[in-house]
Every structure is written in C-alpha cells, then in structure tokens.
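Enquirer: Structure below; questions to follow.
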Amino acid sequence: MKKIFRTALFAGAMLLSLNLSAQQNNNNDKRTWANYERYAPANAQVTTRPTAVFMGNSITDNWARMHAEFFTQNNYVGRGISGQVTAQMLARFQADVIALNPKVVTILAGTNDIARNQQYIDVENIAQNVYSMCELAKAHKIKVIICSVLPANKYGWRPELGDPSQIIIELNKKLEAYAKAHKIPYVDFHAAMKDNTNGLPESLSKDGVHPTLEGYAIMEPMIVKAIKKLAK
C-alpha cells in the first residue's frame, strides 16, 4: 500500500511540475495571433511619413523582400505577413498602418481567407474585413487603394479545396463594387494577370499563387500610377 501511495504521489508531483512548466512557457511566449511583433521594431524606426504602406499577406511580404528597391526608392513601406487572413490584418491595422500616418494605404488581401488558413469564412465577411480597414484609414485621413485578389486556380497547400478561381472572382466583384460606391481607387491585378483558366500563369508565378519578379513587374506600374494620383 505504501509503495502504491508513493508511486501515486510521485506521479502527481510530476504532473504538477509539467503543468507549471507549460504555464511558464506560455507566460514567456510573446507571440500573438495577429503577429503584432513582426513589424514592431521596424515601425519604431519609421521617422519619415511614408508615401504609402502596403498592407497584405505573403504576396506583399515577398514583394518587399524580392524587390526592396521598389519600396525604398518610392518611399513605400511593406507590411505584409505570410499566411495572414483579413481579420489578422484588420487587428494590426492600427499598429502597422495608422501609427505610421502614410498618405496612402494599399490593401491586397483575401486569398488566404479563401484558402481557409484560419478556418472557413464567408466571402461577404472577407469583404467586410477589407471594408473595415478602408473605414479605419479614412477616419484617420489616410487615402485608400483596394487591390483585387490575384488570380489563382489552386492552392498548393490546400489541394482538397479544389479550384478557388470563381470564389476569388466573387470576392473581387464585391471589393470593386465597394470601391466604386465609396470613390476608392481599385487596382485590378486580376484582370491584368489571369490566364484563360482564371489562374496565375507559369510565366508570372512558380506556384500559381505568388508572383515572380516578372509578375511584380506587371503590378508595379499599376500601383505606382494609382498612388501618385492620391499622394499629390
């Protein structure tokens, strides 16, 4: 009986130790769902008002990384985070856009929502997250550009979802209608880059979702033109 008691006591002590260790690890883990910490150091170093902040996901993240000169030479700031959905962007919009007080914000978002990176979300709710970002920006006198979601007919990391191209088109129609109703410039990357299957062709992308430099070469003059009109 004493042996059984000692064994149970030891097991209980080990379980308590593991629970305390897990709590300590959780307490020390400063990572956040919206990834506020990603750009916090860079935001603190922004001393000149940006001409434009680019809010987005990996497409924007890769853009600023692969063609950094495009951003620095035009006084643009990239604030894309790979994998993010519109709700995460909306959560960090205050820190990564409004606090920087740019003249313009460009919003390129929605494909990861369709890919269900953070569970299923209806197209209308995706659009509403973009609308909310626009309204936050306008409330702080920051001019807005809405960009269409880029074409895609597959998500390599979510093949079970099938062809998302028609859902992307549906979302883009909502974004374009909102932009028109609120007199917001709408930059239609989708129309400029799609192939005959409403996908992103191999000439512009290696995986059908993320542009190569050749893809960004199509996007850059389009966005520059739109920003220049607003940032006069």
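Read-outs throughout are calculated quantities, based only on the coordinates presented, and are distinct from any laboratory measurement. What you see is a predicted model, and the numbers here were worked out from it, not measured in a lab. Note that each Cβ is placed from the backbone with ideal geometry, even for glycine, and that neighbours are counted across all protein chains shown.
Enquirer: Quick one: go through the stretch 106-140 and flag any residue whose amide nitrogen is under 15 Å from the point 7 Å out along the Cα-to-Cβ line of LEU161.
Expert: Inside the label zone: 109-127.
Enquirer: What is the calculated FRET efficiency for GLU170 to ASN101, with r their C-beta to C-beta distance and R₀ = 35 Å, to the nearest 0.05?
Expert: After rounding to 0.05, the efficiency reads 0.55.
Enquirer: Further question: Positive end of the charge dipole of the chain (Lys, Arg +1 and Asp, Glu -1 on Cβ, about the Cα centre): tell me which of ASN101, GLN73, TRP33 has its Cα farthest that way.
Expert: ASN101
Enquirer: Sticking with this one: How do SER132, SER148 rank when sorted from fewest to most other Cβ atoms within 10 Å of their own Cβ?
Expert: SER132, SER148
Enquirer: Any idea which of TYR216, ALA192, GLN84 is furthest toward the positive side of the dipole for the chain, if Lys and Arg beta-carbons carry +1 and Asp and Glu beta-carbons -1?
Expert: The one lying farthest along the dipole's positive direction is GLN84.
Enquirer: Roughly how many nanometres apart are two label points built 7 Å out from the Cα toward the Cβ at VAL224 and GLN73?
Expert: Result: 0.7 nm between the two label points.
Enquirer: Right, another one. Within straight cross-link reach of LYS232, meaning Cα distance under 24 Å, which lysines are found once same-chain residues fewer than 8 apart are removed?
Expert: Those lysines meeting the cut-off are LYS103, LYS138, LYS141, LYS143, LYS180, LYS183.
Enquirer: Using unit Cβ charges (K, R positive; D, E negative) and no other charged atoms, how large, in debye to the nearest 20, is the dipole of the stretch 156-199 about its Cα centre?
Expert: Around 260 debye, computed over the stretch 156-199.
Enquirer: For n ≥ 4 DSSP H runs only, could you compute -39500 (n - 2.57) per run for the chain, divide by its residues and tell me the 222 nm figure to the nearest 500?
Expert: The per-residue figure over the chain is -15500 deg cm²/dmol.
Enquirer: Treat the count of other C-beta atoms within 10 Å as a stand-in for reagent exposure and order TYR76, TYR120 from fewest to most. Please report the intermediate quantities before stating the final value.
Expert: Details: TYR76 21, TYR120 9.
Lowest count first: TYR120, TYR76.
Enquirer: Under the rule of at least 5 residues apart or a separate chain, name every residue whose amide H is placed under 5 Å from the amide H of VAL187.
Expert: ILE146, CYS147, SER148
Enquirer: For the pair ARG116 and GLU214, what calculated FRET efficiency results from E = 1/(1 + (r/R0)^6), where r is the Cβ-Cβ distance and R0 = 30 Å, to the nearest 0.05?
Expert: 0.55
Enquirer: Where nothing but the Cβ of Lys and Arg (+1) and of Asp and Glu (-1) is charged, how large is the charge dipole of the stretch 17-162 around its Cα centre, in debye to the nearest 20?
Expert: Taking the Cα centre of the stretch 17-162 as origin, the dipole is about 340 debye.
Enquirer: Using the basic label-point model (7 angstrom from Cα toward the beta carbon), what is the TRP33 to SER203 distance in nanometres?
Expert: 4.3
Enquirer: Can you tell me which of LEU213, LEU90, LEU175 moves the most in a GNM of the chain? Springs connect C-alpha atoms under 10 Å apart.
Expert: LEU213
Enquirer: Based only on other Cβ atoms within 10 Å, what is the fewest-to-most ordering of ARG65, ARG92?
Expert: ARG65, ARG92
Enquirer: To continue, here is another question. Considering only DSSP beta bridges where both residues belong to the stretch 47-158, give the percentage that are antiparallel (nearest 5).
Expert: 0
Enquirer: In the chain, what % of DSSP beta bridges are antiparallel (nearest 5)? Write down the numbers at each step before the final one.
Expert: Details: 1 of 18 bridges.
Counting only bridges with both partners in the chain, antiparallel ones make up about 5 percent.
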